[in-house]
1. Go over the candidates SER183, SER118 one by one and state the one that is polar (S, T, N, Q), closer than 30 Å to ALA23 by Cα and over 22 Å from the mean Cα position of the chain (by Cα).
2. If you go through the range 68-83 one residue at a time, do you hit one that is of a type outside the set (Asp, Glu), on the phi < 0 side of the Ramachandran plot, at pLDDT 70 or above and in contact with a helix residue (DSSP H, G or I) (Cβ under 7 Å, 6 or more places away or on another chain)?
3. For the range 87-173, which strands (runs of 3 or more DSSP E) that fit wholly inside it have 3 or more residues that are surrounded by 13 or more Cβ atoms within 10 Å (Cβ to Cβ)?
4. Kindly indicate whether ARG189 is touching a residue at least 60 places away in the same chain (Cβ under 8 Å) and not assigned by TED's automatic domain parsing to the domain that holds ARG114.
5. Looking at (1) at pLDDT below 65; (2) surrounded by 13 or more Cβ atoms within 10 Å (Cβ to Cβ), which one does SER56 not meet, given that it meets all the others?
6. Looking at the range 1-53, which of the residues that are among the hydroxyl-bearing types (Ser, Thr, Tyr) and within 22 Å of LEU107 (Cα to Cα) is modelled with the lowest pLDDT?
7. With over 25 Å from the mean Cα position of the chain (by Cα), at pLDDT below 90, closer than 25 Å to LEU69 by Cβ and among the hydrophobic types (A, V, I, L, M, F, W, C) as the only criterion, which of VAL158, VAL173 stands out?
Amino acid sequence: MAAILCLAGPGGRPQRELTNRLAGELQSQGLRVGIMVSGQDQPEDSVAELALSGRSMVLKRRLPRAMDLEELAALYLDDLDLVITEIHHQAKRPKIEYRPAGADPVLDGDPGLRAIVSEQAGPDDPPRFSPDDIVGLAEFVRQGLPAGRKPAKVRMLVGGRRVPAKGFIQDLVAGTMRALVGSLKGGDRPGPMIIFIE
C-alpha cells in the first residue's frame, strides 16, 4: 500500500497550492504521488477526489459510504508510492501542518506531527519549512518514506479494514483463486482479478 502523509491546515487555495507543489516536486524526483482532497461543496465522507499525479486524469468518485483511509488507499491507491491527503487529520499517520500567519495550530500535541510549514519563526522541533522551500520539504518527506516498497500481490479488506498478509499467504491466496476462477469460462484471462464477497 502507498505511504500516506496527512497535510493539515486551515484549507483554502494557499494550502491546496502547497499540496500540489509538494506533489509535483516529489513526482519530478521519480515518485508516483497521489493527492486526496474532499470534493468541492460536498460532504467529506461522501466524496473523495483523488488527483493522481503523472496521469492525465483526476479520479472523482462519489463513495457509496464513508470509507476510512485504509480502505480508500487499498482500493484505489496501491500502485502509488505516496498519497498526500488533506481530509484525514485524525488518522494515525505522519502529518505536516500548514500554518499561515495568524492561523491557530491544528496539530499541537499530535504524536504524528513531523513538520510545520510556516513563515513564522518558532522552535525547531518539529522542523519548520518556509512555504517557498518546497525542495527542502520534499527531501524531508522523501527521507521518511520506506525503501523498496512493492505493491501487494493480494489486498484483502474485511469489513472495510485491511487485513495484512505476508508474502507466503499472498501467494497462496492468489494461486488458489486463480486456479478456481481459471476453470470457469473466460476466467483464464491475464491481468488483475477482482472478487467481491458480500
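The values are calculated or read from the model by the stated rules, or taken from the named source; none is laboratory data. Since the structure is predicted, the reported quantities are computational estimates derived from the model, not experimental observations. Cβ: placed from backbone, ideal geometry, glycine included. Neighbour counts: every protein chain shown.
1. On inspection, the qualifying residue turns out to be SER118.
2. Yes, the conditions are met somewhere in the range 68-83.
3. Hits in the range 87-173: 95-98, 113-117.
4. For ARG189, the condition - touching a residue at least 60 places away in the same chain (Cβ under 8 Å) and not assigned by TED's automatic domain parsing to the domain that holds ARG114 - is not met.
5. Only one criterion is unmet by SER56, namely (2).
6. SER38
7. One residue alone meets the criteria, VAL173.
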